[in-house]
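The values are calculated or read from the model by the stated rules, or taken from the named source; none is laboratory data. Bear in mind the structure is a predicted one, so any value in this text is a computation, not a measurement. For accessibility, only protein heavy atoms count, side chains too; no ligands or nucleic acids. Shrake-Rupley method; radii C 1.70, N 1.55, O 1.52, S 1.80 Å.
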Amino acid sequence: MDFEKSINNVVAKFFGTKHERDIKLLQPKVAETNALAAEYERLSDEDLAAKTPELRAIVAERLKNADPAEKEYREQLQAAIEPVIVPAFAAVREAGRRKLNMRHFDVQLIGGIVLHEGKIAEMK
């Protein structure tokens, strides 16, 4: 058992833990969301509110030929939603900053993305 633990420690040092690798995969989406911050700050309240129907329309357009009864619908839904994740999180972050005077931290964006992916997220 000690040998297995030692091997796991060596592997973790070179490649990182599963958790660290998962976080590394999410960092580009967080960076893209952060890159949209200045653009979304310049939007009026009305323009920011208009982002939701705009993003919904994109998803609806991508799903127009999808049948919820099909076995592959879940994958089609995921593929339709994926392109709007970053702008949706950017809009939510900006709305939170304006209405609650609180800005979501990057770790909160990561938590939201993880939940969106159907995984469990524990935040302290």
Histogram of C-alpha separations across the range 39-86, 5 Å bin width, %:
5, 20, 23, 19, 13, 9, 6, 4, 1
Rounded to the nearest whole Å², what accessible area per residue is found for the chain with the 1.4 Å probe?
76
Would you mind computing Rg(Cα) / (2.2 N^0.38 Å) for the range 13-57, counting N as its residues?
1.73
Is there a pair in Lys24/Lys99; Lys5/Lys124; Lys18/Lys71; Lys99/Lys119; Lys51/Lys71; Lys51/Lys99 whose C-alpha atoms are over 21 Å apart, and which pairs would that be?
Lys24/Lys99; Lys5/Lys124; Lys18/Lys71; Lys99/Lys119; Lys51/Lys71
The chain - percent relative contact order, Cα under 8 Å, separation 6 or more
28
Taking the chain as a Gaussian network, where each spring joins two C-alpha atoms under 10 Å apart, which residue of Arg42, Arg56, Arg93 fluctuates the most?
Arg42
I want to verify the translational diffusion coefficient of the chain in µm²/s; compute it with Stokes-Einstein, Rh as the Kirkwood radius over Cα pairs, at 25 °C and 0.890 mPa s.
145
